[in-house]
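A short worksheet on the structure shown next.
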């Protein structure tokens with residue numbers, strides 16, 4: 001799908017993220033090719049597609065892991081020139097397929113460190129502990145407690161993150177991402193390793209947070225039924241190219257999407 | 001019995017220097033995956049800077065403060081100028097870099113200040129205290145107090161402050177920390193600066209006894225490496241305990257086993273390393289693996 005065609009098929013006023021001809025190659029293999037679509041402000045947008053479609057690669061481009069072709073805009077501002085830590089400070093938070101926690105630290109410290117994205121005290125101020133730094137630290141601790149409680153892990157606050165079960169590690173990672181108070185939260189297969197109830201609770205928590213703060217969620221997920229229940233906007237990738245983008249009903253009925261990805265499942269989720 | 005207690009005390013006093021140097025090794029290793037073989041030479045540079053300041057008429061304590069700050073800056077510059085360009089998984093390149101820095105700093109110190117040993121004034125005076133027959137010099141007591149205070153400050157900063165939490169976050173996983181908005185390079189530079197400041201204190205405490213020379217910290221570095229292996233380089237507590245153990249072992253072994261006194265007592269350190277490697281390869285306090293990028 002060309003950039004122009006993609007834009008024609010969606011009507012997204014003031015998108016939070018705009019992808020414009022985003023591409024990347026690895027040793028001659030085209031992993032993403034001319035990806036252009038808008039992510040609407042608020043709600044949940046899902047990126048789906050078969051294995052190897054380029055979903056996680058797209059996340060890596062947006063979060064600044066990979067240097068990519070094309071441009072990405074966050075709330076109208078180009079971010080291609082920004083490095084990963086700068087994109088985080090600009091309001092992009094993410095989780096990974098396998099949670100990347102600080103295993104030696106306790107659960108509370110893991111969530112607290114997520115608040116760095118919005119604190120404004122500089123390196124020197126934090127080192128010498130200025131009044132502003134101490135005030136921000138108190139706020140940061142309140143925010144961290146709030147999100148730790150929201151994911152139901154306040155009772156495990158003192159436990160080392162490395163000792164947690166997979167589902168709890170996933171919750172801590174999401175609490176940490178929410179503590180960053182991001183404008184866009186990217187969740188890479190958040191339901192992986194969780195039961196149906198656990199993943200529903202997690203997604204509901206993220207949706208509530210989005211409704212309360214205006215945060216947008218961008219979701220990569222293989223559980224098509226979960227995606228159809230959750231997302232208000234869906235982009236479909238296949239072999240590094242954009243196959244379709246739009247509302248769930250339109251995507252579900254798209255013959256190209258059915259042929260490449262949904263197949264017989266389309267009937268199940270319809 | 002008094003003689004034995006005296007040897008134990010002397011061993012612990014020496015072990016404090018090993019502990020400080022081992023702590024510096026551990027901080028750098030956790031952050032960048034580099035076993036910084038130049039840590040001893042960096043301590044030598046600090047001692048020479050303090051000495052040069054005293055020669056210029058600056059009182060000893062301000063001279064020591066200048067040397068510690070200069071070492072911290074030098075550490076940050078070395079990380080930012082060289083180390084950050086080597087990926088943490090390139091252990092071979094990091095090892096080569098450590099040796100290169102060791103040789104380079106040694107050569108620079110020799111060129112600037114010469115190779116003849118020089119007398120370094122003790123900042124703690126020259127009095128001797130007696131406690132029930134146990135003899136402790138002011139240099140020993142002051143050295144322990146200075147190194148202890150430095151390690152205490154480091155412990156508080158590392159474990160009780162936001163600064164320390166961010167430093168630990170970057171040290172454990174620089175890539176993950178970047179996604180939280182932490183500028184890894186800046187924080188790892190701070191880690192190197194902190195390590196070099198601790199190493200500087202070790203050098204300044206060792207200099208009055210060992211005599212200031214470019215090779216002054218060669219044996220202490222070997223002892224610190226042994227301490228890091230014994231305690232577990234991934235554990236800040238472990239490296240300190242390892243340093244004290246090495247100090248004890250070498251002092252007691254050197255005194256009571258004939259023919260292994262003086263610098264030959266290093267053999268006890270390495271016997272202990274081998275024993276720990278056979279029983280607990282990660283060290284007494286270490287984890288089986290260190291998470292880093």
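The values are calculated or read from the model by the stated rules, or taken from the named source; none is laboratory data. Not measured: the values here are computed from a predicted model. Cβ: placed from backbone, ideal geometry, glycine included. Neighbour counts: every protein chain shown.
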Quick check, is residue B:135 in contact with a helix residue (DSSP H, G or I) (Cβ under 8 Å, 6 or more places away or on another chain) and closer than 30 Å to residue A:135 by Cβ?
no
Given the conditions (1) within 22 Å of residue A:175 (Cβ to Cβ); (2) within 12 Å of another protein chain (Cβ to nearest Cβ); (3) over 18 Å from the mean Cα position of the chain (by Cα), every one holds for residue A:107 apart from (2)
Inside segment A:111-125, can you point out the residues that are without any contact (Cβ under 8 Å) to a residue 12 or more places away in the chain and not in a helix (DSSP H, G or I)?
A:122
Looking at segment B:38-55, is at least one residue under 17 Å from the mean Cα position of the chain (by Cα) and outside any helix (DSSP H, G or I)?
yes
Would you mind finding the one in A:247, A:189, A:208 that is on the phi > 0 side of the Ramachandran plot and either free of Cβ contacts under 8 Å to residues at least 24 places away in the same chain or surrounded by 15 or more Cβ atoms within 10 Å (Cβ to Cβ) (or both)?
A:189
On the given criteria, is residue A:156 crowded, with 21+ Cβ neighbours inside 10 Å and either in contact with a helix residue (DSSP H, G or I) (Cβ under 9 Å, 6 or more places away or on another chain) or within 11 Å of chain B (Cβ to nearest Cβ) (or both)?
no
Residue identified as at pLDDT 95 or above, under 19 Å from residue B:220 (Cα atoms) and in contact with a helix residue (DSSP H, G or I) (Cβ under 7 Å, 6 or more places away or on another chain) among B:11, B:40
B:40
For residue A:181, the lone unmet condition from (1) part of a helix (DSSP H, G or I); (2) at pLDDT 90 or above is (1)
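Results for (1) within 21 Å of residue A:102 (Cβ to Cβ); (2) in contact with a strand residue (DSSP E or B) (Cβ under 6 Å, 6 or more places away or on another chain); (3) in the same structural domain as residue A:230 (by TED's automatic domain parsing); (4) part of a helix (DSSP H, G or I), shown as yes or no for each residue.
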position: A:127; (1), (2), (3), (4): yes, no, no, yes
position: A:135; (1), (2), (3), (4): no, no, no, yes
position: A:143; (1), (2), (3), (4): yes, no, no, yes
position: A:152; (1), (2), (3), (4): yes, no, no, no
position: A:158; (1), (2), (3), (4): yes, yes, no, no
position: A:169; (1), (2), (3), (4): yes, no, no, yes
position: A:172; (1), (2), (3), (4): yes, no, no, yes
position: A:175; (1), (2), (3), (4): yes, no, no, yes
position: A:191; (1), (2), (3), (4): no, no, yes, no
Return the residue satisfying two criteria in turn: it lies in segment A:91-104 and is touching a residue at least 60 places away in the same chain (Cβ under 8 Å) and either part of a loop (DSSP other than H, G, I, E, B) or more than 9 Å from chain B (Cβ to nearest Cβ) (or both), and of such residues it is surrounded by the fewest Cβ atoms within 10 Å (Cβ to Cβ).
A:97
If you check residue A:52 against the conditions, is it away from chain B (no Cβ under 14 Å), in contact (Cβ under 8 Å) with a residue 24 or more places away in the chain, farther than 24 Å from residue A:214 by Cβ and not in a helix (DSSP H, G or I)?
yes
Unmet requirement for residue A:229, which otherwise passes all of (1) farther than 14 Å from residue A:178 by Cβ; (2) within 17 Å of the chain's Cα centre (by Cα)
(2)
In this structure, does residue B:156 turn out to be within 14 Å of another protein chain (Cβ to nearest Cβ), surrounded by fewer than 22 Cβ atoms within 10 Å (Cβ to Cβ) and under 18 Å from residue B:236 (Cβ atoms)?
yes
Going through segment A:68-79 one residue at a time, which ones are without any contact (Cβ under 8 Å) to a residue 40 or more places away in the chain and either surrounded by 16 or more Cβ atoms within 10 Å (Cβ to Cβ) or in a helix (DSSP H, G or I) (or both)?
A:79
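Yes/no matrix, rows are residues, columns are (1) farther than 21 Å from residue B:177 by Cβ; (2) assigned to a strand (DSSP E or B); (3) modelled with pLDDT under 95:
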{"residue": "A:45", "(1), (2), (3)": "yes, yes, no"}
{"residue": "A:62", "(1), (2), (3)": "no, no, no"}
{"residue": "A:85", "(1), (2), (3)": "no, no, yes"}
{"residue": "A:108", "(1), (2), (3)": "no, no, no"}
Any residue in segment B:175-185 that is surrounded by 20 or more Cβ atoms within 10 Å (Cβ to Cβ), more than 30 Å from residue B:1 (Cβ to Cβ), within 14 Å of chain A (Cβ to nearest Cβ) and under 12 Å from the mean Cα position of the chain (by Cα)?
no
Given the conditions (1) within 25 Å of residue B:81 (Cα to Cα); (2) buried (at least 21 other Cβ atoms within 10 Å of the Cβ); (3) at pLDDT 90 or above; (4) under 23 Å from the mean Cα position of the chain (by Cα), every one holds for residue B:167 apart from (3)
Quick check on residue B:257: is it surrounded by fewer than 20 Cβ atoms within 10 Å (Cβ to Cβ) and either in contact (Cβ under 8 Å) with a residue 24 or more places away in the chain or in contact with a strand residue (DSSP E or B) (Cβ under 6 Å, 6 or more places away or on another chain) (or both)?
no
